[in-house]
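Visitor: Can you read through this structure? Questions will come right after.
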Amino acid sequence: MRTKQAMELFTLEAMQKIIEQKKAIETPFLSKYFKTQIGHISPNVAIPIKKSENFILHAISKSASAVLSEDSEEILMKFEVPRFAQEGTINATDLNELKSFENGGDLPKALSQKIAEIITNHKENYVLTQEFMAVGAVFGRVVDGKGNVLFEVEVKNKAGFNAQKTLHNSFAEVYDSFSKNLGYHPEFDLYVSRELYEEIHNKATEEGLFKINQAKLEKSSMQIYGINIIPYVASYRNKSSKRDVQFLSGKTGMAIPNTQGIFQLHYSRAHHTQALNLSAQKFFAAKPEELAQGRGYCLHTESNVLPICVRPDALVKLEWA
């Protein structure tokens, strides 16, 4: 079998199977919180946001989404799902190496491995970008994956920590906030700045919680009264100010409920002619296209997604004051 004949085996359907079967890497936020996933044919989507007096939406970017309608229960907002595309090449050198398989029966297998290698790399890049966007959504921002903040949520639900208040009472404020806005106590984690992490650690030591086994240190976090407290120091590059901005700064943090329906991942159909008759998919891979002048084959992939928090009233801001 010649290389060109073998390449024809990789139809659109075959390519979709390859990209779908490649297991996505596990990520701390995307994998944990964004289990509700909704597909759309069009990249222009209308997403209802639960209305509440416990948060304020601030439009940051000129390209921010528009409010389509609003009532006492929800705000219907229009978003454009960001598009991410990559191209890989099986070049002339690769093809020459593959020719050694033409006289045997292993050419399709060798070609499949080469294609899978490129697609795996693409998929990992997509997932890492989506993780960055998911972090923004969890901490109250709608970001487009390129450092542009479209919307920022000013969370009014707050729980305070200070030297005079016991940690038990501070955690009770978090529980009360969840109970008020969700109607129940969900499992949750506290993501905090390094500064707040140190204050809570010192407070737990002062209260003797480590001695009575009500607090313990983990590899990169600590647990108090069964609640995970995780320091988070990552930042994003703000395109307008050209500065790195921490998601959590000062002595602040966020209590994040681990329950379905609060965070959603919206995805739309690929912007590619080969995708016209397909349903929306999180990851798309087109069949290989032959390049001119014997330069090889081009592999095009896409992933168009938007992670978003549709219940900002469920977030609880943490502050040391």
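Visitor: Give me the percent relative contact order of the chain, please, defined on Cα pairs under 8 angstrom at least 6 residues apart.
Guide: 29 percent.
Visitor: With a/c under 1.5 counting as rounded, go ahead and sort the chain into rounded, prolate or oblate using the C-alpha gyration tensor (a ≥ b ≥ c being the square roots of the eigenvalues; past the cut-off, prolate if a/b is larger than b/c, else oblate).
Guide: Taking the square roots of the gyration eigenvalues as a ≥ b ≥ c, the chain is prolate.
Visitor: Once you have a ≥ b ≥ c as the square roots of the Cα gyration tensor eigenvalues for region 116-256, tell me rounded if a/c is under 1.5, and otherwise prolate or oblate according to whether a/b is larger than b/c.
Guide: Prolate.
Visitor: Which of the lysines could be linked to Lys51 by a straight reach, that is with a Cα gap under 23 Å, when you skip same-chain ones fewer than 8 residues away?
Guide: Cα-Cα hits under 23 Å: Lys35, Lys62, Lys78, Lys156, Lys158, Lys180, Lys317.
Visitor: Let me ask something else. Once you have the Cα-Cα distance between Asn121 and Ser31, take 0.36 nm times their residue separation minus that, and quote the gain in nm to one decimal.
Guide: 30.6 nm
Visitor: Find, among the trypsin sites (Lys or Arg not before Pro) in region 172-225, those assigned to loop by DSSP (not H, G, I, E, B) with at most 14 other beta-carbon atoms within 10 angstrom.
Guide: Lys211, Lys219
Visitor: What shape does region 243-321 take by its C-alpha gyration tensor, where a ≥ b ≥ c are the square roots of the eigenvalues and a/c under 1.5 counts as rounded, a/b above b/c as prolate, and the rest as oblate?
Guide: It comes out oblate by the Cα gyration axes.
Visitor: Here is a further query. What is the helix-to-structure angle for 167-182, meaning the angle in degrees between its Cα long axis and the longest Cα principal axis of the chain, kept from 0 to 90 and rounded to the nearest 10?
Guide: 60
Visitor: Within the chain, what is the longest stretch that has no GluC sites (Glu not before Pro) placed in a DSSP loop and near at most 16 other beta-carbon atoms within 10 Å?
Guide: With GluC sites (Glu not before Pro) excluded where exposed in loops, the chain gives 219-321 as its longest stretch.
Visitor: Between Leu98, Leu190, Leu248, find the one with the highest GNM mean-square fluctuation for the chain; connect C-alpha pairs within less than 10 Å.
Guide: Leu98
Visitor: For Ser235 and Leu217 in the same chain, what is the full-extension length gain: residue separation times 0.36 nm, less their Cα-Cα distance, in nm?
Guide: This chain segment gains 4.0 nm when fully extended.
Visitor: Ignoring everything except DSSP H segments at least 4 long, calculate the 222 nm mean residue ellipticity for the chain; use -39,500 (n - 2.57) per segment, divide by total residues, nearest 500.
Guide: -8500 deg cm²/dmol
Since every read-out is calculated from the coordinates, none of them should be taken as a lab result. None of the values given here were measured: they were computed from a predicted structure. Here the Cβ is made from the backbone with ideal geometry for all residues, glycine too, and neighbour counts use every protein chain on show.
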